[in-house]
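*Asks:* One structure follows; several queries about it will come next.
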Amino acid sequence: MNANFPIVTIDVILDRHSAKEVLTAILHSILFHRLFGTVKPQTFEVFDVTMPGVSDPEMEQLMTEKVDIFWKGIESGANKRGQIIVTFSEKKAKKSWFQVYVGEEEVPWEQWIVNAEMRQPKSEDQQEFNANLASTLLKALNVMLTYTSSERGRTAVPLITNAAGISPFPIKIAVKVGGVELG
């Protein structure tokens, strides 16, 4: 992908029992680190890993819808891999060919890609699978913290010109299963 903005990737292997809970926690954590309005925090305990979240009805509904779309896409098809892509954009003046203002366009400044694969471990391997998933969640949190506090992560954020609401920037969450965008 030839993008002029940073792309942060998180890979996770899930099982049926914890998929929704894990994906919701990851999305909440991404938004917690990238929403710049007044955020009411909450936490998620997933496999003894405490993950930050955003207590906002609108954001919670959006994440629940996207996780449900992902779940239904995985369950209904043969493909057990998919992505949830969170894109942060800024609104910029759109100009026509002759530099005439023709409205606004959303220009991405950062993208987070959660690559998720569903597996069903054997019952005797469940404990090891859960331990590996907890380790993956800790690594994902480390990626989020390291990136958002890095120079690259800080300079990716455009100038905030609108402080209204929980996010001054448009957020798009896309779901892909088998390379096909759903919902």
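*Asks:* Note down all Cβ pairs under 6 Å where the first residue falls in the stretch 167-183 and is of a type in the set (Gly, Ala, Ser), the second is outside any strand (DSSP E or B) and open to solvent by less than 20 Å² (accessible area, probe 1.4 Å), and they're at least six residues apart or on different chains.
*Replies:* The qualifying pairs are Ser167/Leu35.
*Asks:* Here is a follow-up. Taking Lys66 as meeting all but one of (1) in contact with an Asp or Glu (Cβ under 8 Å, 6 or more places away or on another chain); (2) open to solvent by less than 80 Å² (accessible area, probe 1.4 Å); (3) closer than 24 Å to Gly179 by Cα; (4) among the basic types (Lys, Arg), write down the number of the exception.
*Replies:* For Lys66, the exception is condition (1).
*Asks:* If you don't mind, another one. Identify all residues within the stretch 82-140 that are in a strand (DSSP E or B) and either in contact with a His (Cβ under 8 Å, 6 or more places away or on another chain) or hydroxyl-bearing (Ser, Thr, Tyr) (or both); write none if there are none.
*Replies:* Thr87, Ser89, Tyr101
*Asks:* Tell me whether the stretch 95-113 contains one or more residues that are acidic (Asp, Glu), surrounded by 13 or more Cβ atoms within 10 Å (Cβ to Cβ) and under 21 Å from Thr161 (Cα atoms).
*Replies:* Yes: the stretch 95-113 contains one or more residues that are acidic (Asp, Glu), surrounded by 13 or more Cβ atoms within 10 Å (Cβ to Cβ) and under 21 Å from Thr161 (Cα atoms).
*Asks:* Hey, any hits in the stretch 4-11 for a residue that's open to solvent by 70 Å² or more (accessible area, probe 1.4 Å), assigned to a helix (DSSP H, G or I) and at pLDDT 95 or above?
*Replies:* Looking through the stretch 4-11, none of the residues is open to solvent by 70 Å² or more (accessible area, probe 1.4 Å), assigned to a helix (DSSP H, G or I) and at pLDDT 95 or above.
*Asks:* Looking only at the stretch 141-161, how many residues end up being outside any helix (DSSP H, G or I) and either among the aromatic types (Phe, Trp, Tyr) or surrounded by 13 or more Cβ atoms within 10 Å (Cβ to Cβ) (or both)?
*Replies:* 3
*Asks:* Can you confirm whether the stretch 14-33 contains a residue that is closer than 19 Å to Ile166 by Cα, over 12 Å from the mean Cα position of the chain (by Cα), modelled with pLDDT under 95 and open to solvent by 60 Å² or more (accessible area, probe 1.4 Å)?
*Replies:* no
*Asks:* Kindly indicate whether Pro57 is in contact with a Ser or Thr (Cβ under 7 Å, 6 or more places away or on another chain), of a type outside the set (A, V, I, L, M, F, W, C), open to solvent by 30 Å² or more (accessible area, probe 1.4 Å) and modelled with pLDDT under 95.
*Replies:* Spelling it out, it is not the case that Pro57 is in contact with a Ser or Thr (Cβ under 7 Å, 6 or more places away or on another chain), of a type outside the set (A, V, I, L, M, F, W, C), open to solvent by 30 Å² or more (accessible area, probe 1.4 Å) and modelled with pLDDT under 95.
The values are calculated or read from the model by the stated rules, or taken from the named source; none is laboratory data. Every value quoted in this text rests on a predicted model; they were computed, and no experiment measured them. FYI the Cβ positions are ideal-geometry reconstructions off the backbone, even for glycines, and counts take in every protein chain you see. Remember, those area values only see protein heavy atoms, side chains included, never the ligands or the DNA or RNA. Shrake-Rupley method; radii C 1.70, N 1.55, O 1.52, S 1.80 Å.
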